[in-house]
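Just so it is clear, none of the values below were taken in a lab; they were calculated from the coordinates. Bear in mind that the values here come from a model prediction, so they are computed numbers and not experimental data. A quick note on method: Cβ atoms are made from the backbone with ideal geometry, for glycine too, and the neighbour counts reach across all protein chains shown.
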Protein chains: 2
Amino acid sequence: MGYQLELRHFNYFIAVAEELHYRKAAERLFISQPGLSRQIKQMEEILEAQLFIRNKKKVSLTPAGSYLKGEVEFILNHLELTKKQLKLIKEGSSGALRIGFLGSAMQKVVPNLLVRLRDRFPNIETSLDELSNHAQVNAVLKDKLDLGFVRLARVPKELAIKPVFEDSFSVVLPKNHVLSQSSFKGMKQLKDESFILFSQDYSPLYFDKVMSICEDAGFTPKVSHRSVHAQTIFTLVENNLGIAIIPTSLQNGFDLNVKFIELKKIKQRAQLSVIWKKDNRNPVLEHGVNLLLNQS
Amino acid sequence: MGYQLELRHFNYFIAVAEELHYRKAAERLFISQPGLSRQIKQMEEILEAQLFIRNKKKVSLTPAGSYLKGEVEFILNHLELTKKQLKLIKEGSSGALRIGFLGSAMQKVVPNLLVRLRDRFPNIETSLDELSNHAQVNAVLKDKLDLGFVRLARVPKELAIKPVFEDSFSVVLPKNHVLSQSSFKGMKQLKDESFILFSQDYSPLYFDKVMSICEDAGFTPKVSHRSVHAQTIFTLVENNLGIAIIPTSLQNGFDLNVKFIELKKIKQRAQLSVIWKKDNRNPVLEHGVNLLLNQS
DNA sequence: CTAATTGATAACCCATAGGCATTAAATAGT
DNA sequence: ACTATTTAATGCCTATGGGTTATCAATTAG
């Protein structure tokens, strides 16, 4: 007494229930017949129910034993399934990847990653959250996100950061502006305009780059408005409230009454980076990062 | 190596996964901490997967461990059920039915089912648990309950759901309120009252319906208090802290200083549904469901 | 910097799963 | 009827490994 039911009992029980023959069952289990006899007997004592009827020449299941056989088979099958699934999770081919992104990163990189993830690992579930640079860094640090897409130069030392996309800048002008693609010669022509920019604390890197572009052209820009939404910035430009400088790829996906002039000769580039926590244990993360960095 | 997974490992694993603390888990299991450490380590070797992250001061589950916890809970619950059924079969009975219910479902449907079950199948044992909608869904999913009585519109796809009772709504007013059965003309008269409702996460369906009743009357209700107990709601109304809208049948069984006005002309109805797991293996479940749905 | 608390290791002990030998009962063959 | 054969159960023994105590190393709190 005081014994505990174990999975061993289940395997032995199934063998006997299928063979209906102790010696054969014992052979199949690679143990001795007396050992098997004792384990089955013990099992019956633990469950306080007779499972087999043995009359010295024939073994058969009692109703209780027959019911138990079905349930034990179910449990063992479920367990096997669980082990297989566990292996998949361990390898990272199943699980969840929580992704954060800046509004301005949706144009190419993130959709591309999602498509390739679904193709290669259909069992991985993804979730998306649009968040600011700062909120993403915090979320990744706190293990609320696995991956973040940010425009930042430096991040806390717990995080890894890798550039994934580089982009030129473009000037955004109202349709009726005097300058055009052909008449535009350089930033100097814009030194008296007032500028609409992304807020400095929303994306300090972007802000610095715009400043440095103007500095290279020999002036300091007047900044009239700041916003965190590309949509807002375009609308302000449309209404003649100023001009803007944005990462070129942002112009896709909007249908507005503005014109874009790409700054091809400017050395500054807008870069988008992925961040993740170095000691994040989510095995899925590795696949995500690989897929992003080893572009094929 | 060559070790086998046993039920013992499962029990130990669940203890650690719940406590997230080896010493406390060991105490709960009445074994020593080193023994527990070794068994968990062994389990990880058998499954070839890390289940916990321990950094000397904090224990947490890996994604694999978290998945395994759910499955192991299911297996252990199912095993408990099997043992119970086995005992009943041995005693010549046909099985057990574990029922969960919302407090507000006891008035008619559940007692009715219990009486008819005992008449038709005197050998079926029943057990009852009062649980929230959410807790019932989880319990049914994990094989802790066979039947649940909930107020929900949608449930996970593993579950079946069927409406069993439909009810009008009633307004609950303090005894001294100016409105009465005869002077009540419509919900519009209540647009300036503050409302006491069941919490949204306790019963989202109920919450939505109340909102829609008020919306139909052309106002958005001020919600002053939320509770999960009908008793509490009645007491709050009694003390002039607001008025409530409840399923009509709930008014039975309480003796309180409030008055009820049934909303006969309102299209919204409170409905109670049964849920069960589609692949539940309890042989008795079918009898219970049939008795409920094929009302005689 | 000390004290306290964590999980992991090491060495030991003994409970028990499983082995071998044997027995008792049931059947088959002559 | 009497072996010969085969069944599951019993008795005894061994050794694997689960669980113990003592201790360590790492981390945190004061």
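Scan the range A:134-154 for residues that are assigned to a loop (DSSP other than H, G, I, E, B) and touching a helix residue (DSSP H, G or I) at 6+ places or on another chain (Cβ under 6 Å) and the total you get is 5. Residues that are surrounded by 14 or more Cβ atoms within 10 Å (Cβ to Cβ) and either in contact with an Asp or Glu (Cβ under 9 Å, 6 or more places away or on another chain) or not aliphatic (A, V, I, L, M) (or both) within the range A:111-122 comprise A:Asn112, A:Arg116, A:Phe121, listed in sequence order. When the range B:15-46 is filtered for residues that are within 14 Å of DNA strand D (Cβ to nearest atom) and of a type in the set (A, V, I, L, M, F, W, C), the ones remaining, listed by number, are B:Ala15, B:Val16, B:Ala25, B:Ala26, B:Leu29, B:Phe30, B:Ile31, B:Leu36, B:Ile40, B:Met43, B:Ile46. No other residue among A:Leu173, A:Leu141, A:Leu179, A:Leu152 is out of contact with any Cys (no Cβ under 8 Å at 6 or more places or on another chain), surrounded by 14 or more Cβ atoms within 10 Å (Cβ to Cβ) and over 22 Å from A:Val210 (Cβ atoms) apart from A:Leu141. Select, from B:Leu250, B:Leu236, B:Leu256, the only residue that is closer than 22 Å to B:Leu179 by Cβ, touching a residue at least 12 places away in the same chain (Cβ under 8 Å), part of a loop (DSSP other than H, G, I, E, B) and more than 14 Å from chain A (Cβ to nearest Cβ). Selected residue: B:Leu256, the only one of B:Leu250, B:Leu236, B:Leu256 that is closer than 22 Å to B:Leu179 by Cβ, touching a residue at least 12 places away in the same chain (Cβ under 8 Å), part of a loop (DSSP other than H, G, I, E, B) and more than 14 Å from chain A (Cβ to nearest Cβ).
Within the range A:86-98, is there a residue that is of a type outside the set (Gly, Ala, Ser), within 13 Å of the chain's Cα centre (by Cα) and more than 14 Å from every other protein chain (Cβ to nearest Cβ)? Scanning the range A:86-98 turns up no residue that is of a type outside the set (Gly, Ala, Ser), within 13 Å of the chain's Cα centre (by Cα) and more than 14 Å from every other protein chain (Cβ to nearest Cβ). Please specify each residue of the range B:39-85 satisfying the condition of being more than 9 Å from chain A (Cβ to nearest Cβ), at negative phi and charged (D, E, K, R). Scanning the range B:39-85 gives B:Lys41, B:Glu44, B:Glu45, B:Arg54, B:Lys57, B:Lys58, B:Lys69, B:Glu73, B:Glu80, B:Lys84. For the range A:28-38, a residue qualifies if it is within 14 Å of chain B (Cβ to nearest Cβ) and within 7 Å of DNA strand C (Cβ to nearest atom), and the qualifying residues are A:Phe30, A:Ile31.
Of the numbered criteria (1) under 28 Å from the mean Cα position of the chain (by Cα); (2) within 21 Å of A:His78 (Cβ to Cβ); (3) more than 8 Å from DNA strand D (Cβ to nearest atom), the one B:His9 fails is (1).
For (1) within 27 Å of the chain's Cα centre (by Cα); (2) among the β-branched types (Val, Ile, Thr), each residue gets a yes or a no:
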{"position": "B:Thr235", "(1), (2)": "yes, yes"}
{"position": "B:Gln251", "(1), (2)": "yes, no"}
{"position": "B:Lys265", "(1), (2)": "no, no"}
{"position": "B:Gln268", "(1), (2)": "yes, no"}
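Conditions (1) more than 16 Å from DNA strand C (Cβ to nearest atom); (2) touching a Phe, Trp or Tyr at 6+ places or on another chain (Cβ under 7 Å); (3) aliphatic (A, V, I, L, M), marked per residue:
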site: B:Asn55; (1), (2), (3): no, no, no
site: B:Leu61; (1), (2), (3): no, yes, yes
site: B:Gly65; (1), (2), (3): no, yes, no
site: B:Arg118; (1), (2), (3): yes, no, no
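Scanning the range A:12-27 for residues that are farther than 14 Å from A:Glu44 by Cα and either within 13 Å of DNA strand C (Cβ to nearest atom) or within 14 Å of chain B (Cβ to nearest Cβ) (or both) yields A:Ala15, A:Tyr22, A:Arg23, A:Ala25, A:Ala26, A:Glu27.
Within the set B:Lys157, B:Lys162, B:Lys191, the sole residue that is in contact with a Phe, Trp or Tyr (Cβ under 8 Å, 6 or more places away or on another chain), basic (Lys, Arg) and either over 27 Å from B:Ser94 (Cα atoms) or surrounded by fewer than 16 Cβ atoms within 10 Å (Cβ to Cβ) (or both) turns out to be B:Lys191.
Within the option set B:Gly100, B:Gly65, being touching a Leu at 6+ places or on another chain (Cβ under 6 Å) and either over 28 Å from B:Val274 (Cα atoms) or surrounded by fewer than 18 Cβ atoms within 10 Å (Cβ to Cβ) (or both) holds for one residue only, B:Gly65.
Checked against (1) under 21 Å from the mean Cα position of the chain (by Cα); (2) under 30 Å from B:Glu80 (Cα atoms), B:Lys209 passes all but a single condition, namely (2).
State the number of residues belonging to the range A:206-226 that are more than 16 Å from A:Ile266 (Cα to Cα) and touching a residue at least 12 places away in the same chain (Cβ under 8 Å). Of the residues in that region, 6 qualify.
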